[in-house]
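Peer 1: Here it is: the structure, laid out below.
The numbers here are math on the coordinates, done by the rules we state, and not lab data. Quick caveat: nothing in here was measured; it's all calculated off a predicted structure. Glycine also receives a Cβ, built like all others from the backbone with ideal geometry; neighbour counts cover every protein chain displayed.
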Amino acid sequence: MNIPVVKPGIVAVSRDCFPITLSQQRRSNIVSAYGEGLYECPVTVENEADVTKAIDDVLAKGVNALVVFLGNFGPETPETLLAKKFPGPVMFVAAAEGDGDLINGRGDAYCGMLNCSYNLGMRGIKAYIPSYPVGTASQCAEMIKEFIPVARAIIGINSLKIITFGPRPQDFFACNAPIKGLYELGIEIEENSELDLLVAYKAHSGDSRIAEVAADMKSEMGDGIYDDMLERMAQFEITLLDWAKDHKGDREYVVFADKCWPAFPEQFGFEPCYVNSRLASKGIPVACEVDIYGALSEYIGACVTDDAVTLLDINNSVPQYLYDEDIKGKFDYSITDTFMGFHCGNTPFCKMCSGCAVKYQLIQHRLLEPAGSEPDFTRGTLEGDIAASDITFYRLQCDSQGVLRSYIAQGEVLPVAARSFGGIGVFAIPEMGRFYRNVLIAKRFPHHGAVAFSHCGKYLYEVFRYYGVENIDYNRPASIPYPDENPWG
């Protein structure tokens, strides 16, 4: 409900000294190879007047992601003006030869793409160009399909507002959030007090929608939820959804970064984790501990995968006994490739193993409630093991110097019981030990990382590159040292 729907369209361009029919026929061949869903603009752009006609046409058809196709060499100024004037993400792709002779059937788009890129750079225009952007009709169609998740993230970021409640908890300075980086990305931010949220929550007391939301929670969790807390949690969910709707302003999409302890549970009467997990499953991530860039990272992953994501601590090492009993000899990972990803209970139900349940936050119970007492207001976390899955662990962060940097690491959640509390899983990422030291520690990343439940590093990389993030780190294989890695270990 909070993720853009991409409506791609393709515009062919043609240099006036090349046959326009080359671009037109090659464009139509791509549309046929793509199948349903790619709008074919009838305007073939040769000059600046054609640019306006083409833009007007695709916008009238609801296109929000544009493919500029060089069917021949292409006109450098008009083709780059298409990217400048179109109000959404733009991809450039070029035709390979082979569908005709090399006299009248040669288009030279291989050459034209170089000048196109040069012109884009001179104009300072962002555009998506595939790793190898020259192909046949079927190859170009596949490139366009790979553009869709990237475009979905760009559309989302370009119309995103991050809403926060409260300052970061004490001793969580690592989740620093210089606003400069958000503005560079075109993101709006609204920062509020926890009191604002409490006032809004109380104003929803007796809301007619509470019963329906509470019933949905009960249907989702069955007996794995505290019945006496259903109304409170349902009231909170409605409060957040209404705040998103009423405060988005001119933005289309909203995510939250909320302070969830220590004052929250006692004042609201529950922990917000389960509610946060439900919003994440709706495409509205709610980052813990006012982690603004954590919320942004989650949202980018949700857009790229069109699926639920989560935010976890890169939390604790796997004990030797657990590794020996459940991992060694069964999976091709060393113990330093493994770690546990944990948070109190914010991972969506759909990404948890069967048997997960709404329980209480053990750490907060120790901190906030009388010793030996039964848990009361520290209840509300979704606890259990995270289900086995391919994953991508990643983060986009603005550091203390105001520089955007990121990391991407692909791996998996192992089908191994964590034997612990909270929402937790045993993660394995190749060469994690080196990545932990030479990227996470050396580059000063915080302990929170976003998790997408598929291997989507290729698309995340393209999104980060599109926005000019120069430092995109990844878990390097053993054969490739990090720049400052000690060669003697």
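Peer 1: Taking the Cα-to-Cβ direction at Tyr118 and at Ala387 and moving 7 Å from each Cα, how far apart do the two end points lie in nm?
Peer 2: Inter-label distance under the simple model: 5.2 nm.
Peer 1: What FRET efficiency comes out for Asn316 versus Thr336 if R0 is 22 angstrom and r is the Cβ-Cβ distance? Round to the nearest 0.05.
Peer 2: Efficiency at R0 = 22 Å is approximately 0.95.
Peer 1: Further question: Calculate the all-directions average of the projected area of the chain's alpha-carbon convex hull, and give it in nm².
Peer 2: Values: hull surface 105.0 nm².
Mean projected area of the Cα convex hull: 26.2 nm².
Peer 1: Here is a further query. Quick check: the angle from helix 230-247's long axis to the longest principal axis of the chain, C-alpha only, nearest 10 degrees?
Peer 2: For 230-247 against the chain, the angle is about 30 degrees.
Peer 1: For segment 8-157, what's the radius of gyration and Dmax over Cα atoms, in angstrom?
Peer 2: Every Cα atom of segment 8-157 included, Rg and Dmax give 13.7, 45 Å.
Peer 1: Please give the contour-minus-distance gain from Asp250 to Asp306: 0.36 nm per residue of separation, less the Cα-Cα distance, rounded to one decimal in nm.
Peer 2: Numbers: separation 56, 0.36 × 56 = 20.16 nm, distance 2.29 nm.
Length difference between fully extended and current span is 17.9 nm.
Peer 1: Same structure, new question: Starting from the Kirkwood radius over alpha-carbon pairs of segment 335-464, derive D by Stokes-Einstein at 4 °C in a medium of 1.567 mPa s and give it in µm² s⁻¹.
Peer 2: D, rounded to a whole number, is 80 µm²/s.
Peer 1: Which of the residue pairs Lys282/Lys443; Lys84/Lys245; Lys61/Lys85; Lys161/Lys218 have a Cα-Cα distance greater than 28 Å in the structure shown?
Peer 2: On the way: Lys282/Lys443 32 Å; Lys84/Lys245 31 Å; Lys61/Lys85 16 Å; Lys161/Lys218 31 Å.
Correct reply: Lys282/Lys443; Lys84/Lys245; Lys161/Lys218.
Peer 1: Binning at 5 Å from 0, report for segment 110-265 what percent of all alpha-carbon pair distances ends up in each bin.
Peer 2: Histogram of Cα-Cα distances, whole percents per bin: 1, 7, 11, 12, 13, 12, 11, 9, 7, 6, 5, 3, 1, 0.
Peer 1: From the P(r) of segment 406-454, could you give the percentage of C-alpha pairs in the tail past 17 Å?
Peer 2: 42 percent
Peer 1: What's the whole-number percent of alpha carbon pairs in segment 437-488 lying beyond 12 angstrom?
Peer 2: Cα-Cα pairs of segment 437-488 separated by over 12 Å account for 74 percent.
Peer 1: Sticking with this structure for a sec: Specify which residue in the list Ile154, Val68, Leu120 is farthest towards the positive end of the charge dipole of segment 8-157, using unit charges on the beta carbon of Lys, Arg (+1) and Asp, Glu (-1), about the Cα centre.
Peer 2: Ile154
Peer 1: Using C-alpha positions alone, give me the convex hull volume of segment 173-298 per residue in cubic angstrom. Please list the in-between numbers first.
Peer 2: Working: hull volume 14.8 nm³, N = 126.
Convex hull volume per residue, Cα atoms: 117 Å³.
Peer 1: Out of all Cα-Cα pairs in segment 321-368, roughly what percent, to the nearest whole number, are more than 17 Å apart? Walk me through the intermediate numbers first.
Peer 2: On the way: 646 of 1128 pairs.
Summing the P(r) tail past 17 Å for segment 321-368 gives 57 percent.
Peer 1: Hey, another quick one. Along the Cα→Cβ direction, 7 angstrom out, place labels at Asp223 and Ser373. What is the inter-label distance in nm?
Peer 2: Placing both labels 7 Å beyond Cα along the Cβ direction yields 2.8 nm.
Peer 1: Taking a point 7 angstrom from the Cα of Asn471 along the C-beta vector, which residues in segment 433-456 have backbone N less than 13 Å away?
Peer 2: In segment 433-456, the label zone of Asn471 (backbone N under 13 Å from the point 7 Å along Cα→Cβ) covers 438-446.
Peer 1: For Ala442 and Asp196, compute 0.36 nm times the residue count separating them, minus their Cα-Cα distance, and round to one decimal in nm.
Peer 2: In short, 84.8 nm is gained.
Peer 1: Report the antiparallel proportion of the DSSP beta bridges in the chain as a percent, rounded to a multiple of 5.
Peer 2: 50 percent
Peer 1: Name the long-range amide H neighbours of Tyr474: under 5 Å, sequence gap of 5 or more, or other chain; modelled H, no Pro or chain starts.
Peer 2: Close amide H contacts, sequence-distant or interchain: Ile408.
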